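Written below as structure tokens is the structure these notes are about.
The values are calculated or read from the model by the stated rules, or taken from the named source; none is laboratory data. Worth saying up front: this structure is predicted, and the values here are computed from it rather than measured. As a convention, Cβ positions derive from the backbone with ideal geometry for all residues, glycine included, and neighbour counts pool all protein chains shown. Accessible surface areas use protein heavy atoms only, side chains included; no ligands, DNA or RNA. Shrake-Rupley method; radii C 1.70, N 1.55, O 1.52, S 1.80 Å.
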Amino acid sequence: MITLKEALTKSKEELNALKVEMEAKAKEGGLNAYIDFASAGDGVPILIKDNIQVKNWAITSGSEILQGYVAPYNATVIENLKAKGFSAFGRANMDEFAMGSTTESSFYGVTKNPHGKDRVPGGSSGGSAAAVAGGIAIAALGSDTGGSIRQPASYCGCVGMKPTYGRVSRFGLASYASSLDQIGPITQNVEDSAILYDAIASHDEKDSTSSTLELVSIAENLDVNRKLTIAVIDNYIAEAGQDIQDAYANTVKVLKEAGHTIVHKNMGNTKYDIATYYIVATAEATTNLARFDGIRYGKRVKGKNLEETFRNTRGQFGDEVKRRILLGNFVLSAGYYDAYYVKAQKVRHLIRDEFNTIFEEADLILSPVAPTVAPKIGSSHDPLEMYKSDMYTIAINLAGLPAISLPVGKNSEGMPIGLQLIGKAFNEQAVFDGAFSLEQAINYIK
Ligand code: GLN
């Protein structure tokens, strides 16, 4: 597949021909990465996760409950894409309401990993990552609440970037956990990631958490020769599998050889990441999902009275979504609010402070994305085990930081391994410069 940078030099006719080719290839490839091939114009085609509104397109967040719902307006990111010569093409599969790490919980069925069709592509933006890695999308948008861009990119061997909270508008994104959600690019390489990030980042009055800090083009200033100080968190990697640890050690060596300075640190609060995230995220999710009652959106399942209609309609949520609604209501309930929700908010501050202390000395932090490579489809039965696999990604959302995941090697089974570079809030330039330098130095073979 041509890169995004190359695609920008193509004519409308060439791009339209490419879309026909992409659709045919996607259908015969059997990845189940696309759930639709709608087209919103003839710019450079970008695949869009099923939780981002494109005017007049169905948007279902991978759920049965939103069947039949059509987006009445464009998300700000879609407007931004249009203004820069891109256009939405195709809907990517995802975990229902972006809750999951495998893309197995979608109403449309499981998406497969192009590096091994018996493997999951990761989640929740699994369709976006599988399509980019499988050569059936030039680039895609995903959303990342606790790793959903970076982790599927890592499992599929492509580049996934989560911007600083507030840098990309959330207007028109179906909310999962509003204080954590960010939209970001999934691409074939770091330069394309910077180009797509530049296209979607903006201040937006329609999103009250949108930043007014000045935006400078990252792609135009991408500097492969910049020397950075990169922290490795020694006590952070011990829980990753040996294949991940080996790739990590090799990457540290490559970064040193490329002239970067490595500093060794430890972090004490990481053991609270998962508990904190799953309290904050489920509390916000249960509040956001309260609007899906069969009255205003999606597929109503009528009952004898209003209560039964609510019950029947909400019965369409899948098991994982129901579990999170229950968890969220529990942590917000009168007797437990202080013990869980308020405490989690305090720990969230401690987690952010700890990152900021490291950023007093380092420009970036190098970290695993996931403790393992992509697991086999159907192998994760225990929800707690799945939550634990988010251990390396969720703290970055709790702290609102930018991070990019890029492939650095493969394990003995040929499955891709990604690592992430995490930056200080609004220092996307360092994140991309570091990733660009690592990408050029590491010699990853697709
Ligand atoms: N796996 C995490 C969760 O299930 C993150 C999902 C995401 O980033 N949307 O909540």
Assess whether Ile417 counts as being touching a strand residue (DSSP E or B) at 6+ places or on another chain (Cβ under 9 Å) and either open to solvent by 30 Å² or more (accessible area, probe 1.4 Å) or of a type in the set (S, T, N, Q) (or both).
no
Output for segment 42-61, where each listed residue is surrounded by fewer than 17 Cβ atoms within 10 Å (Cβ to Cβ) and on the phi > 0 side of the Ramachandran plot:
Asn56
Can you report the number of residues in segment 49-59 which are in contact (Cβ under 8 Å) with a residue 40 or more places away in the chain and of a type in the set (D, E, K, R)?
2
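Here is a yes/no grid of residues against (1) more than 14 Å from the ligand (Cβ to nearest atom); (2) of a type outside the set (Lys, Arg); (3) in contact (Cβ under 8 Å) with a residue 40 or more places away in the chain:
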position	(1), (2), (3)
Lys346	yes, no, no
Leu364	yes, yes, yes
Met386	no, yes, yes
Gly400	no, yes, yes
Ala403	no, yes, yes
Can you report the number of residues in segment 348-401 which are closer than 28 Å to Ser106 by Cβ, of a type in the set (Asp, Glu) and modelled with pLDDT of 95 or more?
1
Return the residues of segment 3-17 that are in contact with a helix residue (DSSP H, G or I) (Cβ under 9 Å, 6 or more places away or on another chain) and either open to solvent by less than 40 Å² (accessible area, probe 1.4 Å) or aliphatic (A, V, I, L, M) (or both); say none if nothing qualifies.
Thr3, Leu4, Ala7, Leu8, Leu15
Against the definition (part of a loop (DSSP other than H, G, I, E, B) and away from the ligand (no atom under 16 Å from the Cβ)), how does Tyr297 come out, yes or no?
yes
Looking at segment 273-282, can you tell me whether even one residue there is without any contact (Cβ under 8 Å) to a residue 60 or more places away in the chain, charged (D, E, K, R), assigned to a helix (DSSP H, G or I) and out of contact with any His (no Cβ under 8 Å at 6 or more places or on another chain)?
no
Tell me whether segment 156-164 contains one or more residues that are in a helix (DSSP H, G or I), out of contact with any Ser or Thr (no Cβ under 8 Å at 6 or more places or on another chain), more than 16 Å from the ligand (Cβ to nearest atom) and under 20 Å from Val373 (Cα atoms).
no
Please go through segment 135-152 and pick out each residue that is buried (at least 24 other Cβ atoms within 10 Å of the Cβ) and over 16 Å from Tyr392 (Cβ atoms).
Ile136, Ala137, Ile138, Ala139, Ala140, Leu141, Gly142, Ser143
List the residue pairs whose Cβ atoms are under 6 Å apart, where the first residue sits in segment 169-185 and is assigned to a strand (DSSP E or B), the second is within 12 Å of the ligand (Cβ to nearest atom) and open to solvent by 10 Å² or more (accessible area, probe 1.4 Å), and the two are 6 or more positions apart or on different chains.
Ile183/Leu173
Could you please find all residues in segment 198-222 being surrounded by fewer than 15 Cβ atoms within 10 Å (Cβ to Cβ), in contact with a helix residue (DSSP H, G or I) (Cβ under 9 Å, 6 or more places away or on another chain) and in a loop (DSSP other than H, G, I, E, B)?
Lys206, Leu215, Val216, Ser217
If I ask for residues that are touching a strand residue (DSSP E or B) at 6+ places or on another chain (Cβ under 6 Å), of a type outside the set (Ser, Thr, Tyr) and free of Cβ contacts under 8 Å to residues at least 60 places away in the same chain, which ones from segment 16-48 would you list?
Asp36, Phe37, Ala40, Gly41, Gly43
Under the condition of being acidic (Asp, Glu) and under 21 Å from Thr145 (Cα atoms), which residue from segment 85-119 is surrounded by the fewest Cβ atoms within 10 Å (Cβ to Cβ)?
Glu104
Residues being at negative phi and open to solvent by 30 Å² or more (accessible area, probe 1.4 Å): count how many of those fall in segment 429-446.
8
